[in-house]
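S.K.: Quick one: the structure is below, questions incoming.
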Amino acid sequence: MGLGIPITMPEFRPKHRATISLIVINSIIYLATSYNNFFLSVSDYWVTVGGFSPSLLTHTDQWYRFLTSMFLHADIFHIFFNMYFLFFAGRAVEDALGSTRFIFLYLISGLAASIFHSAYSFIGGLTSYAIPAIGASGAISGVLGAYLLFYPGTSLVVCIPVFFFPLCFPMRASLYILFWFAMQVIYGFAMIAGGVAVFAHAGGFLAGIALLPILANRRRIGILRIITHATSIPFLRLPSSYYRGLSSTTKAVMSFLTIALILGGAYTVIAAPSVGRVKVATIQYTLDGTPYIDYVAFRPPDFESYRTTMALQETRVLLNRLAAASLLYDLKKASKTIEIRDQEIRTEHEISVGGRTVKVSVDSRIEYFRGSYGKDGILAQANGTLVTRVIYINQTNYYLSDPVRYEFLVNSMDVNVGLISRYTGLLSLLIAAIAQLTFLTRDWEFSIVAEE
């Protein structure tokens, strides 16, 4: 999606202390958390300790992640585009709200984004409950929601790269933001967003709208309306246009998308409790010195279902070796802690080669393993070192790689998906319903530069 640059803005220019401060704080935190990776991407350590994960919602000592996740960014492009939109939209919204109310809108929208992300994780699959989410996108989405109601009639210059050359054209702010919001909802329900938490964006956006009846500063809005009207041509025309707010078309599209979210949230509240408890695991490891982090989820007693939730083939190899050695699940190890040193193991694996099933033996060596097991016999926590070979398969044959070395750390926990989805789903429904009522019936109260 192209960049939007405002070209018609109110001539009211305070110092925007809140917006600039948030940009500075986010930038400093990014530099502090990415210097190990030459400032190109955030360290996995900070994602692990500060990212928001729905699976941790039932642990109150982990609620600090609601805040910390808003100030972590995945890579240099993530922080750049988030701060870009915060700079252009944030200053205008801060003009209308004032610095203190703007900070409240920003932080509460970020909180709402995490709530929506948790509620709709059920749609993304069980692994979604374990994957940590980071970024200020949800909070900034709330700023965009407020911007839509304050300044729907402003214009943007949208630039889209075409064969490395920018194609720029003017567009109404309302149309640009509406298109962006539609993409979040469509991508979310179509499950084509990849690793982007699009439902968090949609939730933050709706929260920014729902908060306006509480946070709107009517005095500042009145001043901005006068300034905007005085600088317009012809300025002697009666200033009734800003009471019109959003156009009927914008309201209709917004209503359709919001109702879709309300129905999706209702489905989550009804359907997710039937899933009950699931196991989610975080696997951190190095493979011949290269670091990885992955997440798996499954529903006991269907232990083997973990194989369908892994994102990385390297993780699959590690877990397959541990499972074949009865180190991932073994009722005999229930409530026990075991330790293994320098043990040779041979594991059997069934693979499909050229339409036929072949059994392959793989010799591995456990240099060190220490693991604790739960009452259900499933590995709860472990660390160790494993040397093994990888099975590579082509169309007609297979072969074993040279030995590779895994150093790993595994942590798993029970997650009550039903409980998390029920309460976050209800909250998301409430936020969406309030936002719907706000943009349908009260948009004229907040309009500074009307759409029609």
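S.K.: For the range 114-153, what are the residues that are more than 22 Å from D443 (Cα to Cα), hydrophobic (A, V, I, L, M, F, W, C) and part of a helix (DSSP H, G or I)? Steps first, answer last, please.
M.R.: Let us first name the residues in the range 114-153 that are more than 22 Å from D443 (Cα to Cα), namely 114-137.
Those still in the list that are hydrophobic (A, V, I, L, M, F, W, C) too: 115-116, 119, 122-123, 126, 130-131, 133-134, 136.
Within the range 114-153, I115, F116, A119, F122, I123, L126 meet the criteria.
S.K.: Right, here's the next one. What are the pairs, 6+ residues apart or on separate chains, where a residue within the range 330-356 that is over 18 Å from Y368 (Cβ atoms) has its Cβ under 6 Å from a residue that is among the small types (G, A, S)?
M.R.: Sorted first by the residue in the range 330-356, then by its partner, the pairs are D330/G377; L331/G377; A334/G377; R346/S361; E348/S361.
S.K.: Which of (1) modelled with pLDDT of 90 or more; (2) exposed (fewer than 15 other Cβ atoms within 10 Å of the Cβ); (3) of a type outside the set (A, V, I, L, M) does S428 not meet, given it meets every other one?
M.R.: Against the list (1) modelled with pLDDT of 90 or more; (2) exposed (fewer than 15 other Cβ atoms within 10 Å of the Cβ); (3) of a type outside the set (A, V, I, L, M), S428 comes up short only on (2).
S.K.: Which residues, taken from the range 158-193, are open to solvent by 50 Å² or more (accessible area, probe 1.4 Å) and assigned to a strand (DSSP E or B)?
M.R.: I160, P161, V162, F165, P166, L167, C168, F169, P170, R172
S.K.: State yes or no: is D443 over 30 Å from Q313 (Cβ atoms) and of a type in the set (D, E)?
M.R.: Values: over 30 Å from Q313 (Cβ atoms): yes; of a type in the set (D, E): yes.
Yes.
S.K.: Can you tell me which residues in the range 151-170 are under 26 Å from the mean Cα position of the chain (by Cα) and either more than 17 Å from M183 (Cβ to Cβ) or not aliphatic (A, V, I, L, M) (or both)? It would help to see each step written out before you state the result.
M.R.: Going through the range 151-170, the residues under 26 Å from the mean Cα position of the chain (by Cα) turn out to be 158-161.
Across the range 151-170, the qualifying residues are C159, P161.
S.K.: Shifting gears a bit: For the range 194-211, name all the residues that are open to solvent by 20 Å² or more (accessible area, probe 1.4 Å) and either of a type in the set (G, A, S) or closer than 19 Å to G245 by Cβ (or both).
M.R.: G194, G195, A197, L211 - these are the residues of the range 194-211 that are open to solvent by 20 Å² or more (accessible area, probe 1.4 Å) and either of a type in the set (G, A, S) or closer than 19 Å to G245 by Cβ (or both).
S.K.: Continuing with this model, one more query. With S121, S109, S69, S114 as the choices, which residue is under 18 Å from the mean Cα position of the chain (by Cα) and modelled with pLDDT under 95? Steps first, answer last, please.
M.R.: Working: S109 fails: modelled with pLDDT under 95; S69 fails: modelled with pLDDT under 95; S114 fails: modelled with pLDDT under 95.
Selected residue: S121, the only one of S121, S109, S69, S114 that is under 18 Å from the mean Cα position of the chain (by Cα) and modelled with pLDDT under 95.
S.K.: Tell me which residues, restricted to the range 256-266, are farther than 18 Å from G125 by Cβ and open to solvent by less than 20 Å² (accessible area, probe 1.4 Å).
M.R.: Of the residues in the range 256-266, the ones farther than 18 Å from G125 by Cβ are 256-263, 266.
Within the range 256-266, L257, T258, L261 meet the criteria.
S.K.: In the range 267-302, how many residues are closer than 27 Å to D44 by Cβ, modelled with pLDDT of 80 or more and either touching a Cys at 6+ places or on another chain (Cβ under 8 Å) or crowded, with 20+ Cβ neighbours inside 10 Å (or both)?
M.R.: Within the range 267-302, residues that are closer than 27 Å to D44 by Cβ, modelled with pLDDT of 80 or more and either touching a Cys at 6+ places or on another chain (Cβ under 8 Å) or crowded, with 20+ Cβ neighbours inside 10 Å (or both) number 10.
S.K.: Could you list all residues from the range 431-452 that are over 18 Å from S248 (Cβ atoms) and at pLDDT below 95?
M.R.: Taking the range 431-452 and keeping what is over 18 Å from S248 (Cβ atoms), we get 431-434, 448.
Result: I448, single match.
S.K.: Restricting attention to the range 212-221, report how many residues are open to solvent by 10 Å² or more (accessible area, probe 1.4 Å) and either under 18 Å from L107 (Cβ atoms) or not in a helix (DSSP H, G or I) (or both). Steps first, answer last, please.
M.R.: Filtering the range 212-221 down to residues open to solvent by 10 Å² or more (accessible area, probe 1.4 Å) leaves 213-215, 217-220.
With the extra rule that they be either under 18 Å from L107 (Cβ atoms) or not in a helix (DSSP H, G or I) (or both), the set shrinks to 213-215, 217.
Of the residues in that region, 4 qualify.
S.K.: Of all residues being open to solvent by 20 Å² or more (accessible area, probe 1.4 Å) and in contact (Cβ under 8 Å) with a residue 40 or more places away in the chain in the range 222-235, which is farthest from S114 (Cα to Cα)? Just the residue, please. If you could, list the steps in order and put the result at the bottom.
M.R.: Initial filter on the range 222-235 (open to solvent by 20 Å² or more (accessible area, probe 1.4 Å)): 222-223, 225-235.
Now narrow it down to the ones that are in contact (Cβ under 8 Å) with a residue 40 or more places away in the chain: 223, 225, 227-228, 231.
Values: I223: 34, R225: 34, I227: 37, T228: 36, T231: 40 Å.
So the residue we want is T231.
S.K.: On the basis of being open to solvent by less than 20 Å² (accessible area, probe 1.4 Å), in contact with a helix residue (DSSP H, G or I) (Cβ under 8 Å, 6 or more places away or on another chain), of a type in the set (A, V, I, L, M, F, W, C) and modelled with pLDDT of 95 or more, does L148 make the cut? Show your work before the answer.
M.R.: Values: open to solvent by less than 20 Å² (accessible area, probe 1.4 Å): yes; in contact with a helix residue (DSSP H, G or I) (Cβ under 8 Å, 6 or more places away or on another chain): yes; of a type in the set (A, V, I, L, M, F, W, C): yes; modelled with pLDDT of 95 or more: yes.
When the stated conditions are applied, L148 passes them.
S.K.: Let me ask another. Assuming A334 fulfils every condition listed in (1) at pLDDT 95 or above; (2) loosely packed, with under 14 Cβ neighbours inside 10 Å; (3) among the aliphatic types (A, V, I, L, M) apart from one, which condition is it?
M.R.: Unmet for A334, out of (1) at pLDDT 95 or above; (2) loosely packed, with under 14 Cβ neighbours inside 10 Å; (3) among the aliphatic types (A, V, I, L, M): (1).
S.K.: Return yes or no: is I140 closer than 30 Å to G264 by Cα, surrounded by 24 or more Cβ atoms within 10 Å (Cβ to Cβ), among the β-branched types (V, I, T) and within 14 Å of the chain's Cα centre (by Cα)? I'd like the intermediate steps shown before the answer.
M.R.: On the way: closer than 30 Å to G264 by Cα: yes; surrounded by 24 or more Cβ atoms within 10 Å (Cβ to Cβ): yes; among the β-branched types (V, I, T): yes; within 14 Å of the chain's Cα centre (by Cα): yes.
Against the criterion (closer than 30 Å to G264 by Cα, surrounded by 24 or more Cβ atoms within 10 Å (Cβ to Cβ), among the β-branched types (V, I, T) and within 14 Å of the chain's Cα centre (by Cα)), I140 qualifies.
S.K.: Quick one: what pairs do we get from the range 89-114, first residue touching a residue at least 60 places away in the same chain (Cβ under 8 Å) and on the phi > 0 side of the Ramachandran plot, second open to solvent by 10 Å² or more (accessible area, probe 1.4 Å) and of a type outside the set (K, R), C-beta under 6 Å, 6+ apart or different chains?
M.R.: G98/N217
S.K.: Filter the range 318-346 down to residues that are polar (S, T, N, Q) and part of a loop (DSSP other than H, G, I, E, B), then give me how many there are.
M.R.: Step one: list which residues in the range 318-346 are polar (S, T, N, Q), which gives 320, 326, 335, 337, 343.
Still in the list and also part of a loop (DSSP other than H, G, I, E, B): 326, 335.
Residues flagged as polar (S, T, N, Q) and part of a loop (DSSP other than H, G, I, E, B) within the range 318-346 amount to 2.
S.K.: Return the residues of the range 41-87 that are among the aliphatic types (A, V, I, L, M), surrounded by 20 or more Cβ atoms within 10 Å (Cβ to Cβ) and out of contact with any Pro (no Cβ under 6 Å at 6 or more places or on another chain); say none if nothing qualifies. Working first, answer last.
M.R.: Narrowing the range 41-87 to residues among the aliphatic types (A, V, I, L, M): 42, 47, 49, 56-57, 67, 70, 72, 74, 76, 79, 83, 86.
So of that shortlist, the ones also surrounded by 20 or more Cβ atoms within 10 Å (Cβ to Cβ) come out as 42, 47, 56-57, 70, 72, 79, 83, 86.
If the condition is that a residue be among the aliphatic types (A, V, I, L, M), surrounded by 20 or more Cβ atoms within 10 Å (Cβ to Cβ) and out of contact with any Pro (no Cβ under 6 Å at 6 or more places or on another chain), then V42, L56, L57, M70, L72, I79, M83, L86 are the ones that fit.
The values are calculated or read from the model by the stated rules, or taken from the named source; none is laboratory data. Note that the coordinates shown come from a computational prediction; the quantities given were computed from them, not determined experimentally. No Cβ is skipped: glycine too gets one built from the backbone with ideal geometry, and neighbour counts run over all protein chains shown. For the accessible areas, the whole protein counts, side chains as well, though only heavy atoms, and no ligand, DNA or RNA atoms are used. Shrake-Rupley method; radii C 1.70, N 1.55, O 1.52, S 1.80 Å.
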